[in-house]
Every structure is written in structure tokens, then in C-alpha cells.
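The values are calculated or read from the model by the stated rules, or taken from the named source; none is laboratory data. Being a predicted model, the structure only gives us computed values, none of them experimental. No Cβ is skipped: glycine too gets one built from the backbone with ideal geometry, and neighbour counts run over all protein chains shown. Surface accessibility is based on the protein's heavy atoms, side chains included, excluding ligands, DNA and RNA. Shrake-Rupley method; radii C 1.70, N 1.55, O 1.52, S 1.80 Å.
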Amino acid sequence: QVQLVESGGGLVQPGGSLRLSCAASGIIFSMYTMGWYRQAPGKRRELVASITSGGNTNYADSVKGRFTISRDNAKNTVDLQMISLKVEDTAVYYCNANELGAYVYWGQGTQVIVSS
């Protein structure tokens, strides 16, 4: 059974930082591209950042320079370090595992609220 379990969400003030973590099980983690997506109320789910099995990263323009994605293949985890958070970063953040589009899995999501 595949499980992606996110943690680390919460309430933070604008300009603050949070670190999200996703623990994966039931997959050969090193073979998957891992990603973080987010969905704000009334908006479509969007890609925030992704990291391939080889460590290549990709970021949405809106988070470049502020968010950093990393993975630990030994621990089967993928993290998203977020700094300089803005109100518009408020959303539910989802962990995603993707093996060439053939196998795609989602976590249950973790809420991030950026508010003063």
C-alpha cells in the first residue's frame, strides 16, 4: 500500500518560514519524481516544486528564490523549505510521487496559512 504522509504545515506570519516534509512508503522512492503541489480555495491545484530521481529541480515562478525542495532517498522523504512566506502562499500543500506518469500518488495534504 502506497502512502505519502505530509507534515509541517501550520500558521505563520508573512515573512516567516516553514518546512514541509513528506514521508513515502510502499514505493521504490528513488525511482520517482517527487513534487509539492498546492491548492488555494477556489483555485486549481498547481505545481510548486519538483525533484527528479537524479536530483534535478523545477520551481513555479512564484516561489523561485524562496522555496527549496530536497529529497533523501535513504529516508524516503522529500522536504519543502519555505522562506519569506507571503499571504498568497496560503493553500493546502500536497506531496506527489510520479513515475513517468505511469504511477501517480498523492498525499492527503497539509494546510499552510500565512496571515498576520
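Annotations for the structure displayed:
- Residue within region 6-26 that is at pLDDT below 95, of a type in the set (A, V, I, L, M) and touching a Leu at 6+ places or on another chain (Cβ under 9 Å) present: no
- Test result for Ser53, in contact with a strand residue (DSSP E or B) (Cβ under 7 Å, 6 or more places away or on another chain), surrounded by 13 or more Cβ atoms within 10 Å (Cβ to Cβ) and not in a strand (DSSP E or B): yes
- Subset of region 91-116 [β-branched (Val, Ile, Thr) and either part of a helix (DSSP H, G or I) or open to solvent by 40 Å² or more (accessible area, probe 1.4 Å) (or both)]: Val104, Ile113
- Taken over region 29-45, the residue count meeting the criterion of being surrounded by 12 or more Cβ atoms within 10 Å (Cβ to Cβ) and in a loop (DSSP other than H, G, I, E, B) is 3.
- So Gly26, is it touching a residue at least 12 places away in the same chain (Cβ under 8 Å), loosely packed, with under 14 Cβ neighbours inside 10 Å and closer than 20 Å to Leu100 by Cα: yes
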